[in-house]
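S.K.: Dropping the structure in here first, questions after.
Just so it is clear, none of the values below were taken in a lab; they were calculated from the coordinates. As the structure is a prediction and not an experimental result, all values here were calculated from the model. No Cβ is skipped: glycine too gets one built from the backbone with ideal geometry, and neighbour counts run over all protein chains shown.
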Amino acid sequence: TRQRGSPLDLIVAEAMILANSTWGGWVAEMGVPGIYRSQASMAPGVKVRMGVRPAPHAGMGVAQYTWSTSPLRRYVDLVNQWQIISCVRNGRMAPLSAPFKPKDATLFSIISSFDTAYAAYNGFQTGIERFWTLRWLQQNEVTELDAAVLKDGLVRADTLPLVFKAAGCDGLARGAHVRVRVDGIDLLTLDLHARLVARLDDEQPAEGGAAEEADDAEEANAGPLTLAIDVNEETPPAEGAATPA
């Protein structure tokens with residue numbers, strides 16, 4: 001099986017970022033609205049927002065970013081592809097013929113509905129992945145794991161998609177490499193009980209820097225989405241559509 005973070009994964013991910021950024025910019029140039037994702041900065045607590053106007057995405061490092069490369073998996077991608085296809089077919093006349101016109105309140109309703117569905121999907125996906133990871137540990141009778149310290153006693157396993165709390169790691173700096181012993185697994189609550197047994201590195205890692213920013217960005221992107229609506233330029237949503245927060 002291919003491990004996460006493999007060169008092939010990175011190539012595909014970068015290609016998708018390029019496509020989503022480029023298409024999002026082109027749709028905006030044509031005057032056609034789309035559904036964009038943006039993040040004002042990489043500062044802790046700054047969440048990803050969804051709106052109908054292009055804005056920078058700090059986490060991706062691009063001037064604008066849409067979801068449009070997975071129309072079979074996300075309805076938002078399908079909506080954006082409809083808009084892109086209209087631009088291809090109609091050129092500068094696309095704003096008049098696109099499925100969703102400028103200031104179309106339906107887009108806000110789509111964003112609101114997608115937010116709820118995507119949160120549920122993410123929750124299920126995270127839970128089922130964690131269940132089978134813990135089940136694998138049980139089946140293979142794994143008793144020890146090597147991991148990297150995140151913060152507040154949380155560690156991330158080196159070879160598994162698993163983040164958990166390990167007793168004895170609270171006072172260690174972010175990035176410290178440790179070995180922990182698995183004391184118990186609860187498949188009902190999806191908890192892994194573990195404790196520190198050894199430090200695998202000699203020097204104390206420096207806190208902060210790029211690694212800390214990357215972890216904070218990951219936590220921010222995993223948070224709930226909020227609507228990015230400019231009430232000064234967009235017309236109020238129609239009845240039944242999402243209202244600005």
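S.K.: How would you rank His177, His193, His57, going from fewest to most other Cβ atoms within 10 Å of each one's own Cβ?
M.R.: Exposure proxy ranking, most exposed first: His193, His177, His57.
S.K.: Let me know the shape class of the stretch 18-151, please: from the alpha-carbon gyration tensor, a ≥ b ≥ c as square roots of the eigenvalues, rounded when a/c is under 1.5, otherwise prolate if a/b is greater than b/c, or oblate.
M.R.: prolate
S.K.: Rounded, prolate or oblate: which fits the stretch 137-181 when a ≥ b ≥ c are the square roots of the eigenvalues of the alpha-carbon gyration tensor, with rounded for a/c under 1.5 and prolate only if a/b beats b/c?
M.R.: Prolate shape, in that a/c is at least 1.5 and a/b is the bigger ratio.
S.K.: Still on this model: What is the dipole size for the stretch 92-143, taken about its Cα centre, with +1 at each Lys and Arg Cβ and -1 at each Asp and Glu Cβ, in debye to the nearest 20?
M.R.: The calculated dipole for the stretch 92-143 is roughly 300 debye.
S.K.: Full extension from Val142 to Asp170: what is 0.36 nm times the residue separation minus their Cα-Cα distance, to one decimal in nm?
M.R.: Working: separation 28, 0.36 × 28 = 10.08 nm, distance 2.30 nm.
Full extension of this stretch gives 7.8 nm more.
S.K.: Something else about it: First measure r as the distance between the Cβ atoms of Tyr75 and Asp191, then evaluate 1/(1 + (r/R0)^6) with R0 = 35 Å and state the FRET efficiency to the nearest 0.05.
M.R.: Details: r = 34 Å, r/R0 = 0.96.
Taking R0 as 35 Å, the efficiency between Tyr75 and Asp191 is 0.55.
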